[in-house]
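Here is the structure we will look at, set down as structure tokens.
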Amino acid sequence: MEKKRVFSGVQPTGNIHLGNYIGALKQFVNLQDEMDCVYCIVDMHSITVPQDPKQLRETTLDVAALYLAVGLDPKKSIIFVQSTVPQHAELSWILTCNAYMGELGRMTQFKDKGKGSDSAGAGLFTYPILMAADILLYKAHLVPVGNDQKQHIEITRDLANRFNHKYGDTFVIPDYKGIEVGARIMALDDPLKKMSKSAENIHSRISLLDSPDKVKKSIMKATTDSEGVIRLDWENKPGVSNLLTIYSAFTDRKIDDIVGQYEGAGYGQLKKDLVEIINESLTPIRKAFEEKRNSEELMDILKDGRERASEIAEQTMKEVRDKVGFIRM
Ligand code: AMP
Ligand code: TRP
């Protein structure tokens, strides 16, 4: 039986944080042995908000190097940059012509980022269509992402079904692939908000490239509560629950088991141990990042990725152009 295809992407905006790692990248690595994986650095999504061109080029390579540093293997997975495969933009336009203003207006990410303003970028509005194009081009079965992207997978399914109905069976209908624990890591300073790349307070997140000292500061400062009991209770104890979730993701241990271990202990102990656990995992990632980021191999991997991705993308586009009624030459 043919392996199932997996597709996912990360925006090269700011530094990759623990939420990205636990919700997405860790899954990417785990899937690459059993599935046919395609992992993208979605720079075209990043320009839906203002970017400094020089900085964008740097962060694109940073994310590529981080992909490798966390364990993605270019022999197993296709790793490439979205803008180097123009078929993404092409399919995005065709899907745009089959999408509705209403369904796009209901996307919570647009509502959050666009804030209902008249000057909200049109790219922010059509963002989910480009994401659908990414996924559908490769006929992916599974899309590993954090749960903030669930709604975007839903609209991808709707767009795929609509196209298949109108033009005949073309696209695979993809499924969201989430994880049980850690699909939504919360901000350390405010556990009611998700950890994000753009929050102002640097202690709200831990970037994979943060120094051990920064990790320590951010965890020790993390918001908890005054009860002093370590247990999982998202409603009343979101801060402690978030720390337990991060702990569980890094150790692959069940939360119940961790809670048992800390019976009678205080938050200080939990935090101290967590700092060590995180640093133990991040130190080799940081080291590998430095090596990969400065290696000549990096560009070769991305070129090879572009070739392999283009081949699949062009095959799908030939079919799509034909179905839509564009002439053949
Ligand atoms: P982005 O930084 O928006 O490109 O996100 C890259 C990946 O990380 C996506 O799969 C997101 O769903 C995931 N992600 C982002 N923030 C979080 C978070 N706080 N918790 C879990 N997953 C997240
Ligand atoms: N929208 C995703 C995010 O912000 C990134 C993304 C773009 C993506 N295209 C994708 C994720 C395709 C999965 C599949 O996290």
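Looking across the range 222-274, the residues that are among the hydrophobic types (A, V, I, L, M, F, W, C), buried (at least 19 other Cβ atoms within 10 Å of the Cβ) and out of contact with any Ser or Thr (no Cβ under 8 Å at 6 or more places or on another chain) come down to 222, 230, 244, 246, 249, 270, 274. Taking first residues from the range 101-114 that are closer than 19 Å to residue 45 by Cβ and partners that are charged (D, E, K, R) and modelled with pLDDT of 85 or more, the Cβ contacts under 7 Å between residues at least 6 apart in sequence or on separate chains come to 103/158. Among the residues of the range 298-308, is any small (Gly, Ala, Ser) and out of contact with any Pro (no Cβ under 9 Å at 6 or more places or on another chain)? Scanning the range 298-308, I find no residue that is small (Gly, Ala, Ser) and out of contact with any Pro (no Cβ under 9 Å at 6 or more places or on another chain), so the answer is no. For residue 216, the conditions (1) closer than 24 Å to residue 263 by Cα; (2) basic (Lys, Arg); (3) modelled with pLDDT under 95 all hold with the exception of (3). When residue 155 is tested against (1) in the same structural domain as residue 98 (by TED's automatic domain parsing); (2) in contact with a Pro (Cβ under 9 Å, 6 or more places away or on another chain); (3) surrounded by fewer than 17 Cβ atoms within 10 Å (Cβ to Cβ), only condition (3) is not met.
Checked against the criterion of being touching a strand residue (DSSP E or B) at 6+ places or on another chain (Cβ under 8 Å) and assigned to a loop (DSSP other than H, G, I, E, B), the range 76-84 has at least one qualifying residue. When 174, 191 are checked against the criterion of being surrounded by 22 or more Cβ atoms within 10 Å (Cβ to Cβ), under 27 Å from residue 201 (Cβ atoms), more than 10 Å from ligand 1 (Cβ to nearest atom) and over 12 Å from the mean Cα position of the chain (by Cα), a single residue qualifies: 191.
If you go through the range 114-121 one residue at a time, do you hit one that is of a type in the set (Lys, Arg) and either within 13 Å of ligand 2 (Cβ to nearest atom) or in a helix (DSSP H, G or I) (or both)? No: the range 114-121 contains no residue that is of a type in the set (Lys, Arg) and either within 13 Å of ligand 2 (Cβ to nearest atom) or in a helix (DSSP H, G or I) (or both). In the set (1) small (Gly, Ala, Ser); (2) part of a helix (DSSP H, G or I); (3) away from ligand 2 (no atom under 11 Å from the Cβ), residue 132 fails one condition alone, (3).
The values are calculated or read from the model by the stated rules, or taken from the named source; none is laboratory data. Since this is a predicted model, take the numbers as computed values, not measurements. Note that each Cβ is placed from the backbone with ideal geometry, even for glycine, and that neighbours are counted across all protein chains shown.
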